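Trainee: What follows is a single structure, and I will ask about it in a moment.
The numbers here are math on the coordinates, done by the rules we state, and not lab data. Source: prediction; values computed, not measured. Heads up, the Cβs are rebuilt from the backbone with ideal geometry, glycines too, and the neighbour counts pull from every protein chain shown.
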Amino acid sequence: MNDLLSKYPEEIKTILAKYPSEQKRSAVMPLLFLAQRKEGYIREQALSEISQILDIQETEVATLVGFYTLFHDGKTGIYHIQVCTDLCCALRGSEDFLTGLCEALEIKPGETSQDGMVTVEEVKCLAACDKAPMFQVQGKDGISYHENCNVDNTLEMIQEWRESGAAEQEETK
Amino acid sequence: MSEKITLTIDSQQVIVEKGTNIVDAGKSVGIDISVFCYHPKLEPVGACRICLVEIGRPQRERSTGELVLEADGTPQIYYSGNLETACTVPVAEGMVVHTANEKVTTAREDILEFILTSHPLDCPVCDKGGECSLQELTFGYGLSESRFPLDEKIHLGKHLPLGDLITLDQERCIQCGRCVRFQKEIAADPVLAFYHRGRKANIVSYSNPPFDSYWSGNTTDLCPVGALTTKDFRFEARIWEMNASPSICSHCPVGCNITLNTRRDPKTGRSTIQRVMPRQNEWVNELWICDKGRFAHHFTASEQRITKPLARNSKGKLKPVSWQKAFKIAAERLKSHPDGLVTLAGGRLANEDFYQLRTLTEGLSGKSVLNSSLAGGDLTARVGLGQGSNIKDLGSETVILVVACDLEEEAPLWWLRVKAAAENGATLIVVNPRETKLERSAEYILRYEYGEETQTVLDLLEKKSEESRAFKEKENGVVFFGAEGMNFKSSQILAQACANLLIKTNHVGKKNNGLIAVWPEANSQGAWDMGFKPQENLPEVLKKAETLIIAGADPIGDGIIPDLDGKFLLVQELFLTETASRADLVLPVLAITEKSGTFTSGERRVQLFESALPASGECLADYEIAAKLGLALGLEMIQGSSEQVLEEIIKYQPDYASLTLAALREVPEQQPYVTNKALSYTGTVFKNTSGVGVQLPVAAENTKISLEKFTLPKKGFGNGMLAVPVTRLYDRGIMIRTSEILGPRLIKNQLIVNPIDAKKAGLSADSRVDISLGKRTFEAAVDLDQTIPEGVILIPRNMGILLDGPEKAVLKAVK
Amino acid sequence: MSKYVLLRHRDIPNIKDLKVYQDQDGFKAFKKAVTSLDQGEVTEIVKASGLRGRGGAGFPTGLKWSFMDQDNWPHYVVANADESEPGTFKDREIIEENPLQFLEGVAIGSYAVGAQLAYIYLRGEFWQLAEFLDGKINELEKAGLLGENLFGTEYSLKIHTHLGAGAYICGEETALLESLEGKRGQPRLRPPFPPSFGLYGKPTVVNNVETFTNIPLIMENGAEWYRDLGTEDSAGVKVFSLSGRVKKPGNYELPFGSTYRELIFEHGGGILNDAQIKAIMPAGASSAILRASDKVLDTPLEYASIRKLGSDLGSGSVIVIDETISMDWVIKKTIDFFKHESCGKCTPCREGNYWMSYLTRKIHSGEKTEEQIQLLYDVASNIQGKCLCALGEFSVMGVLTSIDRFPEDFGREPIGSDKG
Ligand SMILES: Cc1cc2nc3c(=O)[nH]c(=O)nc-3n(C[C@H](O)[C@H](O)[C@H](O)COP(=O)(O)O)c2cc1C
Ligand code: SF4
Ligand code: FES
């Protein structure tokens, strides 16, 4: 059984159509994103599913998960807040923003809030240097940018996630 | 001839072929440029940067392209100011290279210092100690320690199992990537890769089982440090305490050259093999060996070896006796029953053994029989691979046909080299009833139903197709044939058809042309040459014999015959096999590691091996036993060493007449240059100092060979399931089974069917079945494989189900 | 006509809509090229325009196109939208706001080199941008501006987006190609360069987003028009990404020949809190750092003149440092970045950045001993000139130039301001 294939047949077809048929391997990163879409990380089983689709070795798939920082091989918080603290953002106060945010959430950078809702981390330059402080959120809807932030409006946003998360849970019950 | 380039390296003039890189060019005149990531058999990547050199190039006038000259008339040399990696820069006319000036030396020290910032410096407990290029260089450049603080070093996993056979020490890895590249480029099993990036990167394998490759051991030779080691060698011995003896691998017909490293335990006084290493032979195995060759030596040290002659006593029990007594029993019996003697030998004996056994058998008017169902040894002597051939050299002017065999499983090095030849431009045609790995490299894949192999080959001659045209038009042609799904009779016909194809298309009697049989054992070709031939109806022959000498064969265990009761049975063996345990007399023999002699490979290369260990117990070589028996029977036989027997062979065997001992020991210069000094360059492979062997001439070189007529076998096997024996590398043969390290890799007691058939028979992947073959029934597990043709049951040889050729079978699920 | 060449959205609202873009003569240049120009002719015009690559190295674009191996087919075009250099955020704005001009540039470039398949490699974080571009490409296909047999000719072109997944090194063109082939993004040996051995081993042109975005207007208005916008040395205009301690950070499109003073004080509104400017990083974290003297501030922005100052114009990512910042902190930040992004293939970059990171942290946390600083300087010098790709070489620039040009920040004797 190939879960990935049965879950996303159309998406996989579209992805494969982008590359010359004898160069299927090019589709490995798009497929990894696909495998990561739902849960935010890549299960080991997905490696073998992708290797089957592309006719390459599982090891050749896994090596990419290790190399690229946007692929995750383990579970994280539902929302992954990655604050850019690279040079340009740091010159505009992003390090203070990070400290403030973490204090408010009672965690240290790299940790996940007690309710498992958010993980806060530092990240390297995101090409938004003129809009610091800024962060990206990796969550179930992919990646989104949040620019010109302050601690207050960020906490408000997290509060919204919490509320909608609770509502969702209610629904699935 | 290819173009030559002249350049200067450290004021020495060097002339090399165009395309050579600077590291290799230096090697050719004895200038060692340090390398880590570079290996002459792998694509250069220029990653480690240890080989940085300074390169000057002659200046040319922009407009005219003329050389700019100095006042003294020599060309003006331009230096860019940057150092360049010698491993990636090809030589160019007039280049001036400096490998040891101050700038270069400093750079090398800098790179070394960088490498050492991550390295644990645990040389005293490292198995690579003594043959580690990092250690060697560190001593060479006198850096006592790095300026990087020790407690800031990165700490990574130590002795992690990377697979069943290989252990990884992550801390020692210097990220040269040789292992990863070997697995991808040479082995075509890309099951190793780096995980993470930057300094945290480490080697991983995600295959199932991990590091799933028949070539894994080679990565430990290539690893320039002690990051990869074989599980059986870890912490066993220090490099400098070991002896090295040249040997030949005895597990398949390729005849890989190996070095046996042995060590005498000072406590027990017992010598054992510590490891098997490849020994360079660019005509045979280059720098590689497969894992079976590397790890299946453990059988020689097995506790289960027979070490004393055994005779059946009055109560019917096998009991140890003296050699004197044993010979007496044998001589009496053989003298009293001179008629009806059959000597059955297996293809793992040496030429000397076969020669002496045949002399003995002939002296008693007996019959010499080879235990094999593959025919064609007489044909390979006539139209076999021509003298001077090297599969490595085959390219676009060559067509290679591989029929009815699975080279990767049966003769791994041939798989490797045929694949490389195909990559090199040779036209590869693979003809097999089911998918094999070699097909990935093939230009043409022809599929047939079991039983139609000969017709498929004939079609290449008789029908018009692209592949038949390739066969006719290419300058060189080589055919490999095996016996997948065949018995001796059908294999005879296939062999003849293959020979005829080669003869008709003028691909015989010359270099890089000819016929190769994929023999089931290492010296089957030698057996044929020495007069041992397979028999069409072996069970009948055995049944009829009154007296039997069986050497290196187990017809009862193999199921060829249920019993040999009522005959006089003399068995020469390493282990108490099924057949040996029923013998009247069991004579213990030396393992190949304990004796000297010659093997003749499938390419008809005669190669010497030397004993690496003293005899186990009272064991004698098969040829010695035969000679002593002969003596006791009053036959005139050489009573000397294996060399003396070989001289006798040279004298009396016409095919071998051109050999000399000196020629067998000759070592021509080989590239890449394996020197024990620059270990890092080729890894820890051994330099060949004891001979690369001699390829025998084929009869076709002197005489015109004509086509043989034959009748095609009747077509097809009718309806129902067909059970077919296949060869697997890690079968359950006695030598592999007793090498415990291979345990997890051995084939399971499983027959293999297509999932569609399984469904029909109500089977799933973990069912157990009864398989009935005529009157015999066996129980086995089932493995599903959709590449197996429908209606076929593959039965790996040596898994306990006896099958001489394809046979009708019925499967029934065991409730 | 817009006063901009690249950031035209700033005075043409909704230029991202196909209709608006076409009202502005969008895709006329592409049509003209395909229907009336030889492929070589397009390359000649680009050559004559003097356009140089905007991804950092400044290699003449037309010349690169002319290097495509004509004996090896198919050809590919790849747009480099990996944009990960700290301080660079221009390509993102171009794609977000003026995507059609960029796509037309890619299309013209593809036609010029005979490629029928082009990829846009975007950093993984830009996945929304990729979806946005996919939508635009779709629209263009529907409008018959991309796809099979364009404008009734034999020429067909497909453009696809492809996402990276978080690796700065994939901006390096050969690492990018490896990544696009589904491998670890590690640089290849060069030579061979992509125009002879690129994607799937085939001849490939790799250009930056901004480079491509220049092409449509060059085709429309002619090479000379473009040359005249810039200076003798550096033709045309450039988008500078201004960030750091300025009041109005952002992208500014200026003709070559403008000065840092104009960029920072006119456009950027001057220094935050009106502090004193101290240093300029002309090319992001990879920069050789300049002391912001009057001479530097008034030097015309050109490839050659910045080089003369001892730095590089690079991709025009100008990071401004003011007097409140100490350079030992700056290099701690840049080395953190390079350590994180080193692909690990070659020894000096992999090990050296780890070591430099250890040293810069130690120095920043107060251990400014002469010994540590000298060691840092040594390590950086030992890396220099020995790496496989430019990332490793970039990593030491900030370290060496900070210690050389701002000794006082490292507890060394200050140099007179006139020497800066
Ligand atoms: C480490 C490194 C990162 C780079 N990142 C980018 C990048 O993000 N975008 C880019 O266009 N070029 C980048 N480049 C330059 C590319 O290698 C290449 O020169 C460029 O894409 C060519 O396009 P151009 O000629 O239009 O500038 C980078 C180079 C290096 C060495
Ligand atoms: S310089 Fe750095 S990024 Fe470039 S190849 Fe070397 S390790 Fe990789
Ligand atoms: S870079 Fe040449 S040997 Fe590693």
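Trainee: Over the alpha-carbon set of region A:3-67, divide Rg by the Kirkwood Rh and report the Rg/Rh ratio to two decimals.
Mentor: Values: Rg = 10.7 Å, Rh = 11.7 Å.
Taking Rg over the Kirkwood Rh, I get 0.92.
Trainee: Can you tell me the FRET efficiency between residue B:314 and residue B:267 if r is taken as the Cβ-Cβ distance and R0 is 51 Å, rounded to the nearest 0.05?
Mentor: My answer for the efficiency is 0.80.
Trainee: Right, here's the next one. What ranking do B:507, C:267, B:196 get, fewest neighbouring Cβ atoms within 10 angstrom at the top?
Mentor: B:196, C:267, B:507
Trainee: For chain B, what is the mean residue ellipticity at 222 nm derived from helices alone (per DSSP H run of n ≥ 4: -39500 (n - 2.57); sum divided by total residues; nearest 500 deg cm²/dmol)?
Mentor: -6500 deg cm²/dmol
Trainee: Suppose we keep just the DSSP beta bridges with both residues in the protein assembly as shown; what percent of those would be antiparallel, to 5?
Mentor: If I count the DSSP bridges inside the protein assembly as shown, around 55 percent turn out antiparallel.
Trainee: Just how large is the dipole of chain C about the Cα centre, in debye to the nearest 20, putting +1 at every Lys and Arg Cβ and -1 at every Asp and Glu Cβ?
Mentor: Charge dipole, chain C, about its Cα centre: 460 debye, nearest 20.
Trainee: Under a Cβ-only charge scheme (Lys and Arg +1, Asp and Glu -1), can you give me the dipole magnitude of region B:4-100 about the Cα centre, in debye to the nearest 20?
Mentor: Approximately 260 debye in magnitude.
Trainee: How large is log10 of I(q)/I(0) for region C:8-227 at q = 0.15 Å⁻¹ when the intensity is taken from the Debye formula with one equal scatterer per alpha-carbon?
Mentor: Calculated log10 I(q)/I(0) at the listed q: -0.93.
Trainee: Residues with beta-carbon under 10 Å from that of residue B:37, excluding residue B:37: net charge, scoring Lys, Arg +1 and Asp, Glu -1? Don't skip to the answer; put the middle values down first.
Mentor: Working: positive: B:49, B:178, B:181, C:345; negative: none.
After counting each charged neighbour, the total is +4.
Trainee: Could I ask something else about it? Which log10 I(q)/I(0) values, to two decimals, does region B:302-357 give at q = 0.13, 0.18, 0.21, 0.30 Å⁻¹ under the Debye formula with one point per Cα?
Mentor: -0.49, -0.93, -1.13, -1.09
Trainee: Binning at 20 Å from 0, report for chain C what percent of all alpha-carbon pair distances ends up in each bin.
Mentor: Going out from 0 Å in 20 Å bins, chain C shows 27, 56, 17, 1 percent.
Trainee: Please list, in chain and number order, the residues 5+ apart from residue C:120 or on another chain whose amide H is under 5 Å from its amide H, with Hs placed from the backbone.
Mentor: C:79, C:160, C:161, C:162
Trainee: For helix B:642-652, what angle does its Cα long axis make with the longest principal axis of chain B, in degrees from 0 to 90 and rounded to 10?
Mentor: Tilt relative to chain B: about 70 degrees.
Trainee: On to the next question. Find, among the GluC sites (Glu not before Pro) in region A:51-145, those assigned to loop by DSSP (not H, G, I, E, B) with at most 16 other beta-carbon atoms within 10 angstrom.
Mentor: A:106, A:111
Trainee: If you wrap chain B's Cα atoms in a convex hull and average its projection over all directions, what's the area in nm²?
Mentor: Result: a mean projected hull area of 40.3 nm².
Trainee: D for the protein assembly as shown, whole µm²/s, Stokes-Einstein with Kirkwood Rh over alpha-carbon pairs at 25 °C and 0.890 mPa s: what number?
Mentor: The calculation lands on 69 µm²/s.
Trainee: So for the protein assembly as shown, taking the charge dipole from beta-carbon charges (+1 Lys/Arg, -1 Asp/Glu), which of C:360, C:406, A:1 sits furthest toward the positive end?
Mentor: The residue sitting farthest along the positive end of the dipole is A:1.
Trainee: At what distance in nm do the modelled label points of residue C:265 and residue B:125 sit from each other, each positioned 7 Å from its Cα along Cα→Cβ?
Mentor: 6.5 nm
Trainee: Relative to a virtual label point 7 Å from the Cα of residue C:20 in the Cα→beta-carbon direction, which members of region C:69-109 show backbone nitrogen distances below 15 Å?
Mentor: It comes to C:94-102, nothing else.
Trainee: With only alpha-carbon atoms in the gyration tensor, what are the semi-axes of the equivalent ellipsoid for region B:600-739, in Å, largest first?
Mentor: On the way: eigenvalues 220, 153, 120 Å².
The three semi-axes for region B:600-739 are 33, 28, 25 Å.
Trainee: While we're on this one: Taking the Cβ-Cβ separation of residue C:128 and residue C:151 as r and a Förster radius of 35 Å, what is the calculated FRET efficiency to the nearest 0.05?
Mentor: 0.65
Trainee: Taking +1 at the Cβ of each Lys and Arg and -1 at the Cβ of each Asp and Glu, which of B:559, B:418, B:457 sits farthest along the dipole of the protein assembly as shown towards its positive end, judged by Cα position relative to the Cα centre?
Mentor: Toward the positive end, the furthest listed residue is B:559.
Trainee: Nearest 5 is fine: what % of DSSP beta bridges in chain A come out antiparallel, could you say? Numbers along the way, then the final one.
Mentor: On the way: 10 of 16 bridges.
That works out to approximately 60 percent antiparallel.
Trainee: In addition: How much net charge surrounds residue A:57 when only the other residues with a Cβ under 12 Å from the Cβ of residue A:57 are counted, with Lys and Arg +1 and Asp and Glu -1?
Mentor: Values: positive: A:25, B:184; negative: A:55, A:58, A:60, B:189, B:212.
Within the 12 Å Cβ shell, the charges total -3.
Trainee: Rounded to the nearest 20 debye, what is the charge dipole size of the protein assembly as shown about its Cα centre when +1 sits on each Lys and Arg Cβ and -1 on each Asp and Glu Cβ?
Mentor: Magnitude of the dipole: close to 4140 debye.
Trainee: Over the Cα atoms of region A:79-172, what radius of gyration and what Dmax do you get, in Å?
Mentor: Over region A:79-172's Cα set, Rg and Dmax evaluate to 13.1, 45 Å.
Trainee: Considering every Cα-Cα pair within chain A, what fraction, in whole percent, is farther apart than 22 Å?
Mentor: Details: 7729 of 14878 pairs.
Looking at chain A, the distances longer than 22 Å represent 52 percent of pairs.
Trainee: Tell me, rounded to the nearest percent, the portion of alpha carbon pairs in region B:12-140 spaced more than 18 Å apart.
Mentor: That tail contains 60 percent of the Cα-Cα pairs.
Trainee: For a label point 7 Å from the Cα of residue A:164 along Cα→C-beta, name the residues of region A:86-130 whose backbone N is under 17 Å from it.
Mentor: Of the residues in region A:86-130, A:117-119 have backbone N under 17 Å from the label point off residue A:164.
Trainee: What is the Cα coordinate range of region B:495-613 on the first, second and third principal axes, sorted by size from largest, in whole angstrom?
Mentor: 52, 39, 19
Trainee: Volume per residue, Å³, of the convex hull around the alpha-carbon atoms of region B:377-518?
Mentor: Normalising the Cα hull of region B:377-518 by residue number yields 91 Å³.
Trainee: A follow-up question, please. Trypsin sites (Lys or Arg not before Pro), restricted to region B:444-519: which are DSSP loop and have at most 11 other Cβ atoms within 10 Å?
Mentor: Sparse-neighbourhood loop trypsin sites (Lys or Arg not before Pro): B:463, B:464.
Trainee: I would also like to ask the following. I need the shape label for region B:659-762. Rule: rounded when a/c is under 1.5, else prolate if a/b > b/c, else oblate, with a, b, c from the alpha carbon gyration tensor.
Mentor: Verdict is oblate for region B:659-762.
Trainee: Right, another one. As an exercise, use a Förster radius of 35 Å and the Cβ-Cβ distance of residue C:4 and residue A:117 to find the FRET efficiency, rounded to the nearest 0.05.
Mentor: 0.20
Trainee: Just to check, using Stokes-Einstein with a Kirkwood Rh over alpha carbon pairs, what's the diffusion coefficient of region C:329-420 at 4 °C and 1.567 mPa s in µm²/s?
Mentor: 99 µm²/s
Trainee: Counting each DSSP H run of 4 or more residues in chain C as -39500 (n - 2.57), what helix-only mean residue ellipticity at 222 nm follows after dividing by all residues, to the nearest 500 deg cm²/dmol?
Mentor: Using -39500 (n - 2.57) per qualifying helix, the result is -12500 deg cm²/dmol.
Trainee: Now for a separate question. Among A:164, B:542, B:527, whose Cα sits farthest toward the positive end of the charge dipole of the protein assembly as shown (+1 at Cβ of Lys/Arg, -1 at Cβ of Asp/Glu, about the Cα centre)?
Mentor: Final value for the positive-end residue is B:542.
Trainee: Give me the distance in nm between label points sitting 7 Å out from Cα along the Cα-to-Cβ direction at residue B:581 and residue C:404, one decimal.
Mentor: 8.1 nm
Trainee: Expressed as an acute angle from 0 to 90° and rounded to the nearest 10, what is the orientation of the C-alpha long axis of helix B:102-118 relative to the principal long axis of chain B?
Mentor: Compared with the principal axis, the helix lies near 60 degrees.
Trainee: Test of understanding: given chain B, find the longest segment containing no GluC sites (Glu not before Pro) that are in a DSSP loop and have at most 11 other Cβ atoms within 10 Å. Mind dumping the intermediate values first?
Mentor: Details: sites that count: B:3, B:61, B:66, B:70, B:145, B:303, B:636, B:669.
Longest gap between qualifying sites, sites excluded: B:304-635.
Trainee: Further question: Report the gain in length on full extension from residue B:641 to residue B:17: 0.36 nm times residue separation, minus Cα-Cα distance, nm rounded to one decimal.
Mentor: Separation in residues times 0.36 nm, less the Cα-Cα distance, equals 220.1 nm.
Trainee: I've got another one for you. May I ask you to list the residues of region B:287-329 whose amide nitrogen lies under 16 Å from a point 7 Å from Cα along the Cα→beta-carbon direction of residue B:615?
Mentor: B:306-310, B:321-328
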